[in-house]
Each structure stands twice: as C-alpha cells, then as structure tokens.
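Let me begin by presenting the structure, written as structure tokens, before commenting on it.
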Amino acid sequence: MKKDLAKVYDPKNVEDRIYREWLDKKYFHAGTRPRAKTYTIVIPPPNITGQLHMGHALDETLQDILVRWKRMQGYDTLWLPGTDHASIATEKKIVDALRDEGTSKEEIGREAFLERAWQWRAKYGGRIVEQLKKIGCSCDWDRERFTLDEGCSRAVREVFVNLYEKGLIYRGKRIVNWCPHCETTLSDAEVEYEEQDGNFWHIKYPYSDGSGYIEIATTRPETMLGDTAVAVHPEDERYKDAVGKTLILPIVGKEIPIIADTYVERDFGTGAVKITPAHDPNDFEVGQRHNLPVIDVMTDDGHMSANAGRFAGMDRYECRKAIVRELEEKGLLVSVEPMKHNVGTCYRCHTSIEPRISTQWFVRMAPLAGPAIDVVRDGKIKFIPDRFSKTYYNWMENIRDWCISRQLWWGHRIPAWYCADCGETIVSKDDPDCCPKCGSKNITRDPDTLDTWFSSALWPFSTMGWPDDAEDLKRFFPTDTLVTGYDIIFFWVARMIFSSVEHTGKIPFNTVLIHGLVRDAQGRKMSKSLGNGIDPLEIIDKFGADALRFTLATGNSPGNDMRFSDEKVEASRNFANKIWNAARFVLMNLDENEPAPHIPDEADLATPDKWILHKYNALVSEVTDALDRFELGMAVSRLYDFIWDVYCDWYIELCKTRLNAGGKAKETAKAVLVYVMSGMMKLLHPFMPFITEEIWQTLPHSGDSIMIADWPTAAEDDYAAETAEMEKIIEAIRAIRNRRAEMNVKPSRKTNVYVVSSSADTFAAGAEFFKKLASAEEVFAGEKLDVPEGCVSIVTPAASVYIPLSELVDFEAERARLNKELASDRKQYEGLTARLANENFTSRAPAQVVENERKKDKELEAKIAQLEAEISKLG
RNA sequence: GGGAGCAUAGCUCAGCUGGUUAGAGCGCUUGCCUUACAAGCAAGAGGUCACAGGUUCGAGCCCUGUUGUUCCCACCA
C-alpha cells in the first residue's frame, strides 16, 4: 500500500493516468449490464469548429455527474458523444482558408470544396473530443457520432422525404432572413436582434398630378428603389381622397399607386407607408393582397442589384447615403429623425440581416407544434426548472414555418431534383436517374443544403440507428436526461421534441435539465470580442479538472447564470487538497493488508463512531435525494460541509487519542475512518472523479474502480442518543474554546475543567476530548461538584463548565458578559414560552415542531437558572 | 408591447415542499507552525433577507402592489 503521498495534491500526476485506465478497462462502454435498467444521455454535440469553452465545461460536467452517479447506482449507462458539422461556421473557415490561398469555393467547385471540408474535419474535429476527455467525461467513445456521418445522414434524408410526402415540407417563395456576409438564408431563430442607432428619414413622395405630395418615413431609404406602392389606412381621413391616385417614386421616377390597407397604423409615423414587397415581410403580405409587383433590389452579398438601376453594384449602406444625398438635393427630404431601433443580425457573424424574397424550403410547423406542446403539458417531458416550459410553450404556440434550406455546400444536401423538361420536383430517398413523370434524364439536384439544426433535431435517435430497428435504439431510446443551456431551447430542444414525436412516436427524453450561462467575474457574458473568456483547459492546467468541475457544480442552481473567477477555483482546489490530506492521515495510521471497508462490531463502537455513522447515513440520503431532484449544487455543498466540517474538523480529531492508544480502540477507529472515508469518496466521485479514484484505490477497497463501485445506501441506525451526547460534548468544547479565545489564553496553557451537569457521565466519558481539543489538564464531571474559587464559568444548555483562570478573570467584565448572555437568553425564552402558551400554535403546528420548541424551552429554562446562579455567585 | 429571472453579510452566492436565534466561500479582526493539511487550525465581527401591504399560530420562502436590475420573445414602416 502506498502511503508516502505528497503533502500537496498534484492533479497532474493523477488525471491523465487515471483517465487512460478507465478507457483501457472500457468502463465508459454501455451495454455491459444487459439485465439492468438503462440511463441515457446524448451529448449536445459541440461544433467541430469549436474550442472547449466554459459553457461546454459546465454542460459536460453536469452530464458527467449524472452519468457517473447512475452508473454507480447500477444502471446500464450510456453517454453518447459526438460532434456537429456546424454548416455555417465550418463553411466560413474553409472559405477563409481558400481566400488566403487566392482561390474561392466557386473556383475549386463543390466536390473539391467538400473534400477540403472533410480534411478540415479530420484535422480539427477531434480536438474538442480530446478536450472533453481532459475534464473527465465518461462518454462511450465507441459510440461517437457526427451529424454528417452515414447514419445521421440517412436519418436526415428519411425525415426530409417523410415530411415532404406528408406535405409538411414545401418549397415556396417567401420573405426570408438573408445574411449578406454568409450569403445564405437563416431561420427566424438564427436572427439576433440588436438595438442600434438609426434614423427615421421623412421623404416627400409627390403626386403624379402635381397636386402636392405625401410624406412617408423610413429607416431603410435604399429599399425605396423596390417600392411598388404607398399604403394608407382605409379609414384615415387625411388620405381619404388620395387612395386610387398615384405617386411619382422619387429618384426612380416611376408611377406607383396609393392603396388602402388596414395593416397601416394611423398613429405611427405619417400614417403613410412605402410598400416594398421584396424586402419586408409585412409589405410582402400587403403586396400579395393588392397584386403588387415584387422587385428585389439587392444581390446575395448585400449590394444593389440590376433592379436598382444606376445604383446597381453599390454596397447597400453606400446606396443608402447616396439616396439620402440625392433626396436632399432634390428637396424631397423633409427631416431626419434620429431613433434607436432593433436590427436583426446573423447569429454567426452579426451582419445585419436583409429581409428578402426568395424561393426556399420550409417545414410547416403548425401540425408539428401541437403534439410537441402536448407531451410537455402532459408531463411526459419535464423542464427543470419548470419555468422553462412556459418559454417553450410561448415559442411553440407562436411558431412560424421553419426555413430549412441554406445556400451552403457543407451539410446535408437537399434530396430534391428538378426536371428541366416537365418542371417536376422529385424528392426521393434514393437518387433518381430520370424524371419519374416524363422520363427525362435532364434532371438537376437542388444545390442547397439543410439547416445544421435540422440534423441536430434528430440527434437522440439518428445516433442510435434510426430508421432501422437497431439494438441501441431499442435499448437506449428514448433517452433520459438532456442537459443544456437556456440559450439553446429554441434551436435544439424544441426541435428535438417535435421531430422525435413525429418520426418515432416517442419523446426523445423525459427530463430537460437547463443551466445558465457562465459569466466572468464581473458578470459579463464571456465573448471573443470582449476577450474575457476563460479557457477551461488553462484552469485545468492550473488547478486540476476536479477543482474546475467542483467549482462549476457548486456555483450552479438549475437555470441560473453563474459567475466564474479564479478565486472560486482556488477554493475548490483547496478542498481537493483538504481531502487529500485527510486521506493521508487515514493512510498513515493503516497497516499492511487492512481489511476492506466495513463497520466494526457495534459493541466496539465508541460514541464518536456512532455519531459520525449517524451523520454519514443522513448525508447519504441527503446527497442521493438532492441528485434525484437534479439539485446537483445542493448535493455537492452537503458533501463539502460534511467532509470538511464534520469528518476533518471533528471526527479525525476525535479519533486521534484512540489511534495513539493502539489495540482494539485503534482498530475500531481505523475501521470507521476508512469506512466513512470510502463512502465519502464514492458520494463525491461523480463531482470529483480523479482525486476520489486515486484515494479510493489507495485505501483498502474491494473492486477494481470507484467508477463501478456501488453507490452508498443509507443504513438504518439507532444512534440518535449517542449523537446527542456527542453534540453536548462538542458544544461544551466550543464554548470553552470561545471563552479562552476571548480571554487570550494560549492553547499551550492547560487547565483543569469542571463540568457540572445532569449528564455528568457523558462528559466524564468524553474527558479525552476535552484534553485533546479544549486544552484540559484533568476533567472533573459530576451532577454536583466542588468547584474551586475564582473560576470562569461557561454555561451551555447541557452543562455548567468551570475553568480555574482566576488571575485572568476580570470580575466586572465577567458579570457583564453573563448578564448580556442572560438577557439574550431570557428574551428568547420569553418568546418561546409565549408561543407555547398560544393555543393556536400548539393545536395547529405539527407535533414535531411543537415538541422541538418544548425541548428548547426546557433547555433554555435550565440555562437561565444556571446563569442566574453564576451571577449571584459573583455577588 | 408580451413574458421571465434576480434583489439575502464588504464581494460572490446557498437557503429543498413556510417551522428554533438566516448559512457558506472569499475578504476582514484576533490567536495558533496543535506530528493530515499555513491551499491549514481555533475564535470573532458583520444581515431591519429591496420597499409597502396581505394570508398564516408562524413568512427570506406564499399572495398583491411598488422600485431597481438582467434576460427572452414580438418588431409600428
């Protein structure tokens, strides 16, 4: 047995070695307990472009805690890992690389481009996986998946074709969110709104007949090049006679009608709205109602198109300036009103979105949303905390059709072909070689790919072999817990739910554990642009993975953000070190060939043993209950308190005398120390896997790894009486220390201790503890006792304690102190007595509560009597 | 415009279904190198639980309102 452990715990000597052992022994592998119940988590697949950031670290830590805990409870546990192809982000990396090489994706062509992307994935896609391993993730790496691998791709195609055949996927011309930088559409969820300073330009639109003008206001003057009408409210008195007349569109010079539509708000702006059907969703609808022409004045990359006439080729913002300048020159600009407004931006590159007419593929959401709402409403899927179900309902109930086609190459290519001869659209699971309608070979495949989130939406079942009736799917699907941040509910969680319900007829998971964001020490979001991100790997390097995990688990309550700072990790590191040293202490008292952890014969147990076992049993149920409720932060802080305050600060100290004494007493103390320490390590293992394994392996143990050890179960004990006795002693020791500290008595100065108490036997039996922990020379205990003159008196509910320090006693101060304590106790006693006299309280409060109050009342009564006696002794 | 969260010690936060005198970490004060640990030990100071009402025998916790703050959704050009 290895006992010469270093004084300071060094994670670097431990973590990688232990992780490798776990891997070698295949402990992460699922499916090895065929008769056990399953517990399954699928990882939220990190992007292959990604570097592990603090958000991942939190997310993975929480998942690993759950998975390790369930594994120890005997479940056949699967944590399925994998990565996401992240179409936009990855494509951008490749495009950038090509640009640096002086070429472009168009130049090298689709096939070569995809080859590059796969190379890129091979090179960098594994990086994040290695980083997950550093934090100790117990994923089943044999089942690692990728959203663009063969199986996932087959599922995507199956789903697309099924939905198309059911009429739930359609192709249509709609206003979409267009990112001019990424040059693709985005779904509504992928647009982030930012408040920006802008202007409200008021412009004159003259009547064609020369009878004056209508004033309109716009925040995007460049779009006027695509105006095809001006709309007013049908009941607006001001424009009653204008409807039906025409205006001359300034700069363009073309005639446009004035139409009436209830969409217009009379009270806003001038009450007249320019209608640009190609660049605004509302205008598009107005245009549909009034059969207006649709003129797209922009290009894919945010420049003005040929439809913009002489402005063609100009950047959209340059064009805006040019238009305003020209309006001003022509005297058509009435005013410029500065205003803040929300501008939609691309969630990847934060370029302003251009609403734009386009023919795209959409998922019809209304029929999918209903059943997806029901499974949450019926309690089949639970959000933790529950308030996020409201967020979910709100989104699902108001959802619009989902634009799923992307003008990208890296992704799942849409399985649709168009026949050049008859115009047929062919959507098929297998690539067709001719048009099934007219037989023409002249068919071309849609060039677009699908939204990345379309494939992630299938993740819980596409990774397990669906649509086949695969073994894993049968055994591990539906999964159990999904752990993710609240920022991703719409993108992913909601879409997994409706996809799974639609395609498998089952819920994808029963519980969604939502966590918040990890912020910096000032509470700011960690971001690249702010440069305030903290690299988890650096933290691991500096403090160890266990310390990082402990910090993330401790600071976290479901759904809430947390602040991260080095100081917090330091505290966690110190805790790891504390455990390490406690283990060192236990180990240095052990002999060769100690038996495996066990509880000694009850007859041999000393009071502190029964006390710690009683508290340990309570701990086991508290920790397990907290985990059952997904209160991981609660569970881990209970462990922290027990290990540090109960086991280290008290139990170890209480054992020292017996350990020195040797013999049977030592054997018993050792056994209980080992038993409780081993149990604590098991309870802590999900949170701090490395150090607990290292210590568990060093302690006597049975089995090969703490990872597959049995999760402790709380034993029934009847040690309540001994526990109460021990607490009396501890209380008295604390009181003595307190008095000595107040009087500045050095620990090295020993004094006799006299304890007068009705529980004198308890204190007599605890004499060794007073000697060891309260600087006692000799301990005298009795129900009545001859106490020397000139003692300091210390009153606890259970005892009056006297220590002869006459020369140090300031009798005036002593009297004042006792009186102060008496006053405070009396006040409390009166409150209690009043409460107990209240019929309303005694009859309505639970019996247990009343009982506790009575007990407390009696204790206080006794203590007050003692204090009064002491005061009168002082004269 | 709609919805949600937060407000507890100097700082960061716990406080589980309402039940003694509200806790922790960090910081601060005092004393200790007590043969596991100075990344430690012992003791201590510090809070009218944002504010105002209400329900209750009892409220940090439940209800109503107010203030401050953060976030999400919607997007009147």
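Only the coordinates and a few stated rules stand behind these numbers; no lab work does. Just so you know, these numbers come straight off a predicted model, no measurement behind them. Note: ideal-geometry Cβ built from the backbone for every residue, glycine included; neighbour counts use all protein chains shown.
Rounded to the nearest 20, the Cβ-based charge dipole of chain A about its Cα centre (Lys and Arg +1, Asp and Glu -1) stands at 440 debye.
In whole percents, the pair-distance distribution calculated for segment A:97-168 from its alpha-carbon pairs, binned every 10 Å from zero, is 15, 29, 29, 23, 4.
Magnitude of the charge dipole for segment A:583-662, about its Cα centre and with charges confined to Cβ atoms of Lys, Arg (+1) and Asp, Glu (-1), is about 180 debye.
Per residue, what volume in Å³ does the Cα convex hull of segment A:320-370 take up?
Working: hull volume 10.3 nm³, N = 51.
Hull volume over Cα atoms, normalised by residue count, gives 202 Å³.
Considering only A:Thr276, A:Val297, A:Pro250, the residue lying farthest towards the positive end of the dipole of segment A:241-367 is A:Val297, judged by Cα position with unit charges set on Cβ. A straight line joining the Cα centroids of segment A:589-635 and segment A:855-874 runs 36 Å. The residues neighbouring A:Phe642, those whose beta-carbon lies less than 10 Å from its own, together hold a net charge of -1 under the Lys/Arg +1, Asp/Glu -1 convention.
How large is the convex hull of the C-alpha atoms of segment A:16-158 per residue, in Å³? Don't skip to the end; give the middle numbers.
Numbers: hull volume 18.6 nm³, N = 143.
Convex hull of Cα atoms, per residue: 130 Å³.
For segment A:327-341, list residues with backbone N below 20 Å from a point placed 7 Å from the Cα of A:Glu265 toward its Cβ? From segment A:327-341, the list is A:336-341. For segment A:1-45, the tally of Lys pairs with Cα-Cα distances below 26 Å comes to 9, considering only residues 8 or more apart or on different chains. Expressed per residue, the C-alpha convex hull volume of segment A:442-576 stands at 184 Å³.
Across the alpha-carbon set of segment A:411-513, the Rg to Rh ratio works out to 1.12, Rh being the Kirkwood radius. Under 13 Å from the Cβ of A:His685, count the other residues' Cβ atoms, weight Lys and Arg +1, Asp and Glu -1, and hand me the total. Value of the local net charge: 0. The stretch between A:Lys7 and A:Val850 holds 298.5 nm of extra length on full extension. This uses 0.36 nm per residue minus the Cα-Cα distance. Under 18 Å from a point 7 Å along the Cα-to-Cβ line of A:Arg629: which residues of segment A:64-104 have their amide N that close? Residues A:66 fall inside that zone.
Could you give the length gained by full extension between A:Ala571 and A:Lys390, i.e. 0.36 nm per residue of separation minus their alpha carbon distance, to one decimal place?
Details: separation 181, 0.36 × 181 = 65.16 nm, distance 3.65 nm.
Using 0.36 nm per residue and subtracting the Cα-Cα distance, I get 61.5 nm.
Between the beta carbons of A:Lys437 and A:Glu192, assuming R0 = 41 Å, the FRET efficiency works out to 0.45 to the nearest 0.05. Between A:Ile357 and A:Val176, the built amide H atoms are under 5 Å apart, and every one of these is 5 or more places off in sequence or on another chain. Segment A:758-788 and segment A:302-333 have Cα centres lying 95 Å from one another.
Projected over every direction and averaged, the convex hull enclosing the alpha-carbon atoms of segment A:207-344 yields 8.4 nm².
Rounded to the nearest 20, the Cβ-based charge dipole of segment A:241-368 about its Cα centre (Lys and Arg +1, Asp and Glu -1) stands at 120 debye. Set against the 2.2 N^0.38 Å expectation for a compact globular protein, segment A:716-875 has a Cα radius of gyration ratio of 1.14.
For segment A:585-700, what's the relative contact order in percent, using C-alpha pairs closer than 8 Å and at least 6 residues apart?
38 percent
For chain A, what is the mean residue ellipticity at 222 nm derived from helices alone (per DSSP H run of n ≥ 4: -39500 (n - 2.57); sum divided by total residues; nearest 500 deg cm²/dmol)? Could the numbers behind the result be given before it?
Numbers: 28 runs with 371 residues, N = 875.
So the calculated ellipticity at 222 nm is -13500 deg cm²/dmol.
Around the amide H of A:Val483, modelled in the peptide plane, lie the amide H atoms of A:Leu513, all under 5 Å away and 5 or more residues distant in sequence or on another chain. With a Förster radius of 41 Å applied to the C-beta separation of A:Glu328 and A:Arg400, the computed FRET efficiency comes to 0.60. Projecting the Cα atoms of A:Ala89, A:Pro338, A:Ser352 onto the dipole axis of chain A, where Lys and Arg carry +1 and Asp and Glu carry -1 at the beta carbon, places A:Ala89 farthest toward the positive end. Each of A:Leu808, A:Ser104, A:Ala322 was scored by the projection of its Cα onto the charge dipole of chain A, and the greatest displacement toward the positive side belongs to A:Leu808; charges sit on the C-beta of Lys, Arg, Asp and Glu.
Report the calculated FRET efficiency for A:Leu836 and A:Ala813 (r = Cβ-Cβ distance, R0 = 41 Å), to the nearest 0.05. The partial results should precede the final answer.
Details: r = 34 Å, r/R0 = 0.84.
So, using R0 = 41 Å, E works out to roughly 0.75.
Extension gain, A:Asp469-A:Lys240: 0.36 nm per intervening residue step, less the Cα-Cα distance, totals 75.8 nm. Quick one: check the C-alpha center-to-center distance for segment A:475-509 versus segment A:381-456, whole angstrom. Measuring centre to centre over Cα atoms gives 19 Å. Across chain A, the relative contact order, built from alpha-carbon pairs under 8 Å that are at least six residues apart, equals 12 percent.
If you take all other residues with their beta carbon under 10 Å from the beta carbon of A:Phe550, and give Lys and Arg +1 and Asp and Glu -1, the sum is +2. Near the amide H of A:Ala781, within less than 5 Å, lie the amide hydrogens of A:Val755, all on another chain or at least 5 residues away, with H placed in the peptide plane.
With an 8 Å Cα cut-off and a minimum separation of 6 or more residues, compute the relative contact order for segment A:783-875 in percent. All intermediate terms of the calculation are to be shown ahead of the outcome.
Values: 67 pairs, mean separation 30.5, N = 93.
The normalised contact order for segment A:783-875 reaches 33 percent.
In this simple spin-label model, placing a label point 7 Å from the Cα along the Cα-to-Cβ direction at both A:Asn581 and A:Lys321 gives a separation of 6.6 nm. Radius of gyration over Kirkwood radius for segment A:349-463, both on Cα atoms: the Rg/Rh ratio is 1.07.
Normalised by 2.2 N^0.38 Å, with N the number of residues, the alpha-carbon radius of gyration of chain A equals 1.28.
In terms of the mean number of neighbouring beta-carbon atoms within 10 Å, the peptides A:690-700, A:839-849 order highest first as A:690-700, A:839-849. Each residue, A:Lys772 and A:Asn738, gets one label point 7 Å from its Cα in the Cβ direction; the gap between the two is 2.3 nm. Inter-label distance, A:Asn593 to A:Ser529: 7.0 nm, where each label sits 7 Å from its Cα along the C-beta direction.
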